[in-house]
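Any read-out appearing in this document is the output of simple, stated calculations on the displayed coordinates, not a laboratory observation. These numbers come from a predicted model, not from an experiment. All Cβ positions, glycine included, derive from the backbone under ideal geometry; neighbour counts span all protein chains shown.
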Amino acid sequence: MSAGIPPVVDRTAWQAARDELLVREKAHTREGDAIAAARRRLPMAEIDAAVEVTGPDGPVPFVSLFQGRDELLVYKHMWHDGAPFQGQCEGCTVSAWHMRDAVYLEARGVSFAILCEGPWDEIAPYLSFMGYTQPWFSVRGAAEPLGGAMGHITVFLRDGERVFLTYDTTGRGTEAMDSSFALLDMTPYGRREAWQDVPDGWPEGRPACWYWRTDEEGSGGFTETSRPTPQWTRPGAGPVDHLGRHAHHH
C-alpha cells in the first residue's frame with residue numbers, strides 16, 4: 001500500500017467509523033445553530049445612512065446599496081494602490097471569486113455588495129478584467145464600518161431610511177463565503193496546509209494559503225511570477241514578472 005493514505009477496511013467497518021464521526025458532526029451543526037441564534041440576538045449600532053460611496057454611477061448614499069431590501073451583507077476588499085491586476089489581494093480574491101452571484105441571498109431579502117478601499121478609477125478596469133458583475137463600491141476615505149480594516153464580512157439592517165450595523169467578522173470568520181474550504185475539509189488531504197492535524201507519514205503540508213496564488217505552471221506560492229489563482233482563467237492574463245505593489249493604503 002502507498003504511504004500516506006487512510007487504512008483500508010471493508011464497507012461495514014467503514015460505515016461504523018463514519019457513523020461514529022456523524023455523532024460529532026451533528027453536535028457541531030447544533031452548536032452552529034445555537035451560535036446563529038445568539039448572533040440574531042446581538043444588539044445593533046446606528047450608522048450614517050447618507051455616507052457616500054462611489055460606484056459606476058458616481059457617489060451614492062450608502063443606504064442605496066440595500067436596493068430596497070431590508071438587509072445588506074458586504075465584503076470589504078483590500079486594495080494595493082497603483083498595482084497591476086496580478087498585484088492585487090489574493091486573499092480578498094478568494095472571497096470575491098466565490099461570491100460572483102448572490103441570487104440566493106437576494107431571494108431571502110439580503111442584498112450583497114463589495115466595498116473596496118481602492119479608488120474607483122483603479123477598481124473599474126479590475127472588475128472588467130476579472131469579469132465581476134456584483135456591485136462594487138469604493139469606500140476610499142470612509143470611516144469604519146464602511147472603510148477601515150478590510151477583509152471583513154459586515155452585515156447591516158435597514159429600518160426605513162435608518163441603517164444599523166448588526167454583525168462583523170474577519171479572519172477565518174470569512175470562510176463562510178469561501179465554500180471551497182469546507183469542501184476541501186471533507187477530503188482526506190484537506191487544504192494541504194502545514195497547520196493541519198494529519199496522521200504520521202502523510203504528505204507534509206505547505207504554508208497556509210499557498211494555493212491563493214499560482215504561477216504560469218500552476219505552482220502555488222507568493223512569487224513575482226504569480227497571480228491570484230482565478231486570474232489565469234481570464235482572457236489576456238499572460239505570464240508576469242512583477243507584482244508592482246506600492247505601499248498599502250490606509
Free-by-geometry Cys in the chain, Cβ-Cβ under 4.7 Å as pairing rule, reported as C116, C209
Which order, highest average first, do 151-158, 103-110 follow once you tally other Cβ atoms within 10 Å for each residue and take the mean per peptide? 151-158, 103-110
Using r as the Cβ-Cβ distance of V8 and V103, and R0 as 30 Å, what FRET efficiency do you calculate, to the nearest 0.05? 0.10
Provide W195, W210, W79 in ascending order of the number of other Cβ atoms located within 10 Å of each residue's Cβ, fewest first. W195, W210, W79
Give, in nm to one decimal, the length gained when the segment between D159 and Y189 is fully stretched (0.36 nm per residue of separation minus the Cα-Cα distance). 6.2 nm
Computed from these coordinates, which is Cα extents along the principal axes in Å: (1) 55, 41, 34; (2) 63, 49, 28; (3) 77, 42, 31? (2)
At what distance in angstrom do the alpha carbon centres of region 189-241 and region 119-181 lie from each other? 25 Å
Taking R0 as 22 Å, what's the FRET efficiency between R206 and R245 from their Cβ-Cβ distance, rounded to 0.05? 0.45
For S179 paired with E31, estimate the spin-label separation in nm (one decimal), with each label point 7 Å from Cα along the Cα-to-Cβ line. 2.5 nm
